[in-house]
């Protein structure tokens, strides 16, 4: 690394990599990347694949991901109009880590729910038991 190259550190509040991490860590971003891991999808197919996302949030998130070079949007010149979204090569680098996080969440949800129950059953500090 040369002396003129910046040193990126996500732990520093002014580092631009922090905004990328925040976007990638967003639940909708992760689910969209996981959904697109199987190949291109149309808007409606994405909305079905990512249960619970509103059309506005999906559109806004796709626009942000396109701006960051994670997703590409292809509009086909046909009637009716057809638009597909797919991961770019950069977006493809997120496939493995975000799919792994999704699998982790599925594999460990019972442990998480048990921990939550145990936590919620503890006496509240400062109360008499």
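Observations on the structure shown:
- Of the residues making up region 9-46, those that are free of Cβ contacts under 8 Å to residues at least 12 places away in the same chain and either surrounded by 17 or more Cβ atoms within 10 Å (Cβ to Cβ) or within 12 Å of the chain's Cα centre (by Cα) (or both) are 21, 22, 25, 27.
- If the condition is being in contact with a strand residue (DSSP E or B) (Cβ under 9 Å, 6 or more places away or on another chain), more than 23 Å from residue 80 (Cβ to Cβ) and not in a helix (DSSP H, G or I), then region 1-48 contributes only 37.
- Scanning region 66-84 for residues being surrounded by 16 or more Cβ atoms within 10 Å (Cβ to Cβ) and touching a helix residue (DSSP H, G or I) at 6+ places or on another chain (Cβ under 6 Å) gives a total of 2.
- Residues of region 49-65 classified as assigned to a helix (DSSP H, G or I), exposed (fewer than 13 other Cβ atoms within 10 Å of the Cβ) and within 14 Å of the chain's Cα centre (by Cα), total: 2
- In the condition set (1) under 21 Å from residue 26 (Cα atoms); (2) touching a strand residue (DSSP E or B) at 6+ places or on another chain (Cβ under 6 Å), residue 84 is compliant with all but (1).
- The requirement of being touching a strand residue (DSSP E or B) at 6+ places or on another chain (Cβ under 7 Å) and either within 26 Å of residue 104 (Cα to Cα) or touching a residue at least 24 places away in the same chain (Cβ under 8 Å) (or both) is fulfilled somewhere in region 51-64, by at least one residue.
- Taken as a whole, the condition of being touching a helix residue (DSSP H, G or I) at 6+ places or on another chain (Cβ under 7 Å) and either closer than 13 Å to residue 33 by Cβ or assigned to a loop (DSSP other than H, G, I, E, B) (or both) applies to residue 98.
Values in this text are rule-based calculations from the coordinates and carry no lab data. None of these values were measured; they are calculated from a predicted model. As a convention, Cβ positions derive from the backbone with ideal geometry for all residues, glycine included, and neighbour counts pool all protein chains shown.
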